[in-house]
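Undergrad: Can you keep this structure in mind? I'll have questions shortly.
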Amino acid sequence: MFTQRTTPIGALVPEAGDTAWQNHHYRGQYLAGLLLKSLAGRSRLVAGGWDGADLTGVVAEFFDATTGQLVYESKTDLVALVIPTTPTIYYAKKGLAALQSVTLEVFNNSTWPEDQVPVLVAGYYQSSATETAPFAEFVGPMLDPRASRGEPDLIINGGCRTAQHNVYTLGAGCVNRGNRQFGAVDRLAFYTTLAATEGTADQNPLSTLAGGFSARFNNVSLPAGGKLHRLYRMEAKDAARLKGGEISLGFESLHNAEVPKDITVTLRYADANDNFTTATEIVNSGPQAHPSGAVIFQPFEGVDLAGSPVENGLEIEITLDCGVEAVAGLTWEIGALRAHRRHLVVPELMLPGIARESGDCQRYFFRKILVPGGAAMIATGRAVNSTDVEGVIRFPVEMRAKPSCSFSDSSVFQIYAKTSVSQADSGGLIGALVSTQSTTINLAKTSAPFVAGESVQILLANVGGWFAFNSEL
């Protein structure tokens, strides 16, 4: 006789009977009840693979009632599984490394603890293995732990779409980590081991990587033993969220070398708050083979940050080892970067809106450039005397720290006064008046065309001319 009853969470499930379990529809209904009870206890499967013989890569998420945190546990692979005659559940149990199993018939649903989750059910549709084909199926879906909770990505400009910096020509000025530079793409710095004799660091807006943009080393020539490095630095206020937890990250990469190259990911924490002059290594991935001409997705998952003072700031370095022979014409792109506070990296690229992304980047670097079509007003101010004017520039977002200023040349600034129009001969910031929200710029014209106290407007006047404010890490 087949009977039904209601579980504590309201799921209608079958009660085991002598012959009822031969009906796989009843078994499926029963398994749904077990799965729902696990989910109600905040236990779920987040990763795993079954190829017909091996159950591998199983990771489950559990709720730790003691700490009030969600924890992740990787389970030992189950290889060369022989399908049992009697339908059997293979399940992940909190605190146990090995996957557990029990025949389906002996279970009473009320005894199913919430700190375990069914993974695979396997058996034969009838009790005799000679009468029917076997089956083996995952009990429930693998749920994306980040997307289901809406957690934002930790990488700013991971899609490499915002590119306010100038293209950088490689050479002696970017050798070694202490001389890190930026090439077009915001937030992704770079440096080289050994000086390149040719090449640039730029953005590829037509990349084949996910999202269509990348940070690129283009047409690089390096001597034997040369390496290319990318750096992403997370400021202390963001990195503090990772203290005592885990981080997983991933990115896409592509190079055109004639032979495979090794790629390594290294994580460091800043030795002082938001100061990466010196940084201590937490862990590295070791060399990972990167084939030529193929886009790869490189994950680095489940990095334990417990005991590392990441609240000072976190540095992620990606290195391409060019090998023992010199290289010429090498192009290497990375893009589609993502990182989050979880055991597993999310394969899909989940980019924010471009407006938000641009604003996030301007916290660290802000540049104005004049494009064809006219002048662009950047400030209003007054003439201090006959040769000097001052104007207030307000930043679009609050910057991380008081910025430094650079510009293409002083003549890029055009000053409109009541009785004159002139291009500046020199200029710079007034240090005492620099803040994270605005700054005061001083410009001078030696021909003394101004009248003290008169109002002025300051514009960018030369097409291609630019000025920038920098508070990068």
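The values are calculated or read from the model by the stated rules, or taken from the named source; none is laboratory data. The structure displayed is predicted, hence computed values, not measured ones. Don't worry about glycine lacking a Cβ; one is built from the backbone with ideal geometry, like all the others, and counts go over all protein chains shown. For accessibility, only protein heavy atoms count, side chains too; no ligands or nucleic acids. Shrake-Rupley method; radii C 1.70, N 1.55, O 1.52, S 1.80 Å.
Undergrad: What lysines does residue 261 reach when the alpha-carbon gap must be under 24 Å and sequence neighbours fewer than 8 apart in one chain are set aside?
TA: 227
Undergrad: Roughly how far apart, in whole Å, are the Cα centres of the stretch 352-418 and the stretch 177-211?
TA: The stretch 352-418 and the stretch 177-211 have Cα centres separated by 25 Å.
Undergrad: Sticking with this one: State the answer as a single residue: which of 295, 313, 282 lies farthest towards the positive end of the charge dipole of the stretch 200-356, with beta carbon charges of +1 for Lys and Arg and -1 for Asp and Glu, about the Cα centre.
TA: Checking the options against the dipole of the stretch 200-356, the answer is 313.
Undergrad: Note the listed values (i) 20, 39, 27, 11, 3, 0; (ii) 23, 61, 16, 0; (iii) 21, 57, 22, 0, then indicate which one is P(r) over Cα pairs in 20 Å bins from 0, in percent calculated from this particular structure.
TA: Among (i) 20, 39, 27, 11, 3, 0; (ii) 23, 61, 16, 0; (iii) 21, 57, 22, 0, the one calculated here is (i).
Undergrad: With θ set to phi - 60°, apply the Karplus curve 6.51 cos²θ - 1.76 cosθ + 1.60 along the stretch 416-433 and write out the HN-Hα couplings as whole Hz, x wherever there is a Gly or Pro.
TA: 9, 10, 4, 10, 7, 10, 8, 9, 5, 8, 7, x, x, 7, 8, x, 5, 10
Undergrad: Let me ask something additional. For the stretch 383-429, restrict the atom set to alpha-carbon positions and state the Rg and Dmax in Å.
TA: 12.8, 39
Undergrad: Report the relative contact order of the chain, percent, no decimals, based on alpha-carbon pairs under 8 angstrom and at least 6 residues apart.
TA: 11 percent
Undergrad: Going by Cα centres, the stretch 419-436 and the stretch 238-295 are how many Å apart?
TA: With the stretch 419-436 and the stretch 238-295 each reduced to a Cα centre, they are spaced 41 Å.
Undergrad: Still on this structure, I have one more. How large is the accessible surface per residue of the chain, computed with a 1.4 Å probe and reported in Å² as a whole number?
TA: Dividing the accessible area of the chain by its residue count gives 43 Å².
Undergrad: Enter the angle in degrees (range 0 to 90, nearest 10) between the Cα long axis of helix 24-40 and the first principal axis of the Cα atoms of the chain, meaning the one along which they spread out most.
TA: The helix 24-40 is inclined about 50 degrees to the chain.
Undergrad: Provide the per-residue ³J(HN,Hα) series for the stretch 405-410, in order, calculated from phi with Karplus coefficients 6.51, -1.76, 1.60 and θ = phi - 60°, each as a whole number of Hz, with x at glycine and proline positions.
TA: 10, 9, 8, 4, 5, 5
Undergrad: In the neighborhood of residue 450, defined by Cβ-to-Cβ distances under 15 Å, what is the net charge if each Lys or Arg adds +1 and each Asp or Glu adds -1?
TA: Details: positive: 382, 418, 445; negative: 388, 390, 425, 454.
Surrounding charge for residue 450 is -1.
Undergrad: Also, I was wondering about something else. What residues of the stretch 190-214 lie in the reach of a label at residue 326, counting those whose backbone N is under 12 Å from a point 7 Å from the Cα along Cα→Cβ?
TA: Zone members listed by number: 196-198.
Undergrad: What longest region of the chain stays clear of GluC sites (Glu not before Pro) that DSSP places outside H, G, I, E and B and that have at most 16 other Cβ atoms within 10 Å?
TA: Between the exposed loop sites, the longest stretch runs 1-130.
Undergrad: Let me ask another. How large, in percent, is the carbon and sulfur part of the accessible surface of the chain at a probe radius of 1.4 Å?
TA: Roughly 52 percent, rounded to a whole number.
Undergrad: Let me ask you something else. For every other residue with a beta carbon closer than 13 angstrom to the beta carbon of residue 328, add +1 if it is Lys or Arg and -1 if Asp or Glu, then tell me the sum.
TA: Neighbour charge sum, excluding residue 328 itself: -3.
Undergrad: Now, a different point. Return the sequence-ordered ³J(HN,Hα) values of the stretch 300-312 in whole Hz as given by the Karplus equation 6.51 cos²θ - 1.76 cosθ + 1.60 applied to θ = phi - 60°, using x for Gly and Pro.
TA: Taking θ as phi minus 60°, the curve returns 9, 10, x, 6, 7, 9, 4, x, 9, x, 5, 5, 7 Hz for the stretch 300-312.
Undergrad: Charges on Cβ only, +1 for Lys and Arg, -1 for Asp and Glu, centred on the Cα centroid of the chain; of 103, 339, 57, which one is farthest towards the dipole's positive end?
TA: Comparing the listed Cα positions along the dipole, 339 ranks first.
Undergrad: If you don't mind, another one. For residue 384, list long-range residues whose amide hydrogen, built 1.01 Å from N in the peptide plane, is under 5 Å from its own amide hydrogen.
TA: Result for residue 384 returns 389, 390, 453.
Undergrad: Right, another one. Quick one: give the max-minus-min coordinate of the C-alpha atoms of the stretch 249-328 along each principal axis, largest first, in Å.
TA: Ordered largest first, the stretch 249-328 gives principal extents of 41, 26, 16 Å.
Undergrad: Next question. Assign unit charges at the C-beta atoms only (+1 for Lys and Arg, -1 for Asp and Glu), then state the dipole size of the chain relative to its Cα centre in Debye, rounded to the nearest 20.
TA: 1280 debye
Undergrad: Okay, moving on. Counting just the Cα atoms, what span does the stretch 328-458 cover along each of its three principal axes? Round to the nearest Å and put the largest first.
TA: Per principal axis, max minus min of the Cα coordinates gives 64, 37, 27 Å.
Undergrad: When the helices in the chain are scored as -39500 (n - 2.57) per DSSP H run of 4 or longer and the sum is shared across all residues, what 222 nm value do you end up with, to the nearest 500 deg cm²/dmol?
TA: The per-residue figure over the chain is -2000 deg cm²/dmol.
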